[in-house]
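The values are calculated or read from the model by the stated rules, or taken from the named source; none is laboratory data. Given the structure is predicted, the values throughout are model-derived calculations rather than measurements. So basically every Cβ, Gly included, is an ideal-geometry build from the backbone, and we count neighbours across all protein chains shown.
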Amino acid sequence: MNRKKTIYLAGPLFTHAELEFNRKLKDLLEGQGFSVFFPQEDAEDAKIEHDRHNQALIFKHCVEGVDISDLVVAVLDGVDVDSGTAWEIGYAYAKGKPVLGLRTDFRELSNGVVNLMIELAVEALARDEEELVKALEKYR
């Protein structure tokens, strides 16, 4: 029997809108049959640990989350990709883990959709959730 593949869900998690979008995306991924490492919950409560100045614990859990995951889905919305998300993409890429990007933001750079180093590190760059689900098919 095949085990569920685990996705590390990378993305910004600092506003109510970001947190809610991440939860919606987590539910979508789980509905597609994947297990999800969800940093805003699985790396301890990031806000509580941040308030406790326990960034080292958050960092440790996030690194371990990428390590145990089979692939990464990264939310790439915003004027520029969230710096923590960019780090997680680079770390996963260096570990040989596939990274799929999701950019629902319609703004584009003059010479690409996102920063060159991000765009070339991802195996697929979906523009909406439907495209992301299609791109995930090969990783089941």
The residue that is nearest to Thr6 (Cα to Cα), considering only those in the stretch 114-140 that are hydrophobic (A, V, I, L, M, F, W, C) and assigned to a loop (DSSP other than H, G, I, E, B), is Val122
message: Given the criteria closer than 25 Å to Tyr139 by Cα, assigned to a helix (DSSP H, G or I) and either free of Cβ contacts under 8 Å to residues at least 24 places away in the same chain or not small (Gly, Ala, Ser) (or both), does Ile58 qualify?
response: no
Restricting the stretch 77-98 to residues that are touching a residue at least 60 places away in the same chain (Cβ under 8 Å) and of a type in the set (A, V, I, L, M), the one farthest from Glu20 (Cα to Cα) turns out to be Ala92
Residue hits (the stretch 87-109; part of a helix (DSSP H, G or I) and within 19 Å of Lys60 (Cβ to Cβ)) are Trp87, Glu88, Ile89, Gly90, Tyr91, Ala92, Ala94
Going by what's in this entry, would Asp77 be described as part of a loop (DSSP other than H, G, I, E, B) and either at pLDDT below 95 or under 27 Å from Arg140 (Cα atoms) (or both)?
yes
By residue number, the members of the stretch 107-128 that are closer than 15 Å to Gln32 by Cβ and loosely packed, with under 14 Cβ neighbours inside 10 Å are Asp128
Answer with yes or no whether Glu41 is at pLDDT below 95, closer than 30 Å to Arg3 by Cα and either hydrophobic (A, V, I, L, M, F, W, C) or within 14 Å of the chain's Cα centre (by Cα) (or both).
yes
